[in-house]
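A.B. asks: Below is the structure I would like to discuss, written out as structure tokens.
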Amino acid sequence: MDFKKYIARYDSEEINYVARIFAPFSEEIVRIWCKRKNSKYKDLGRPSLYKNIKYTHKTFDFTFEKDGEYFIGEQKNWIAVDNGYYLTEIYLNDADLNILDEVLRNKEYEVYCGNISQKLVISGVVLIWPQPTAESIMEFRKKHPRYKVLSFQDIINDLINENNQEYLQLLERYKKYCDNLFKELLPKNS
């Protein structure tokens, strides 16, 4: 999988459509990747943020565990935005950055994950980006040293190269869902 080559082959209408279909299940791909025996991270579920014991209605995509430390994970798959500019360039809005930075300073916010009943001390943030360049990662990490950046393209390629059956079954299931929908939408005589 190469996101840049993929978007270069198709027009923006198709890319925008595909981005909307892809987004809802792309997190499942990361969860499958985390289940592998040689995975760097274990996925514990979605982290929820609380402030002064009240739920803030802010939830991020993942709680990762690695070597006894906990990380908030946030995935962005902006494959269609600005003709693919954010495939490689790392950007988080100021609101998300401010919240994550507060969490890292262990101030104001408390983090809980549904699978763990205690408050979590967060050691860092893991961003999952479609196809970040080494330069964009280095530039982002200069400003945010407690953030790590993973390539979603590399995650997908790991699963493809391993012929991961759960990943392949996931894709077949969602392909079937789309096929079934379009079969129903088409005239019966076509």
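Each value in this text was obtained by applying a stated rule to the coordinates, not by laboratory testing. This is a predicted model, so every value here is computed, not measured.
A.B. asks: With N residues in the stretch 101-190, what two-decimal value do you get for its Cα radius of gyration over 2.2 N^0.38 Å?
C.D. replies: Normalised Cα radius of gyration, the stretch 101-190: 1.67.
A.B. asks: Cut-off 10 angstrom, C-alpha nodes, Gaussian network model of the chain. Which of R173, R46, R36 fluctuates the most?
C.D. replies: With Cα springs under 10 Å in the chain, the top fluctuation among R173, R46, R36 is at R173.
A.B. asks: Name the most mobile residue of P145, P47, P132, meaning the one with the largest mean-square fluctuation, in a Gaussian network model of the chain with Cα contacts below 10 Å.
C.D. replies: In this elastic network of the chain, the residue with the biggest mean-square fluctuation among P145, P47, P132 is P145.
A.B. asks: Looking only at E139, E27, E110, which one moves most when the chain is put into a Gaussian network model with springs between Cα atoms under 10 Å?
C.D. replies: For the chain, modelled as a Gaussian network with Cα springs under 10 Å, the answer is E139.
A.B. asks: What ³J(HN,Hα) values, in whole Hz, does the Karplus curve 6.51 cos²θ - 1.76 cosθ + 1.60 give for the stretch 22-31 when θ = phi - 60°, with x put for Gly and Pro?
C.D. replies: 6, 4, x, 10, 5, 5, 4, 5, 5, 4
A.B. asks: Moving on to the next point. Averaging over every viewing direction, what projected area does the convex hull of the Cα atoms of the stretch 1-84 cover, in nm²?
C.D. replies: Over all viewing directions, the stretch 1-84 projects a mean Cα-hull area of 7.5 nm².
A.B. asks: Can you tell me the relative contact order of the stretch 3-184? Whole percent, Cα pairs under 8 Å, sequence separation 6 or more.
C.D. replies: 21 percent
A.B. asks: Moving on to the next point. Find how many whole Å separate the alpha carbon centroid of the stretch 107-163 from the alpha carbon centroid of the stretch 1-58.
C.D. replies: Taking the Cα centre of each part, the stretch 1-58 and the stretch 107-163 sit 11 Å apart.
A.B. asks: Kindly work out what percent of the DSSP beta bridges joining two residues of the stretch 3-184 are antiparallel, to the nearest 5.
C.D. replies: Approximately 60 percent, going by the DSSP bridge assignments.
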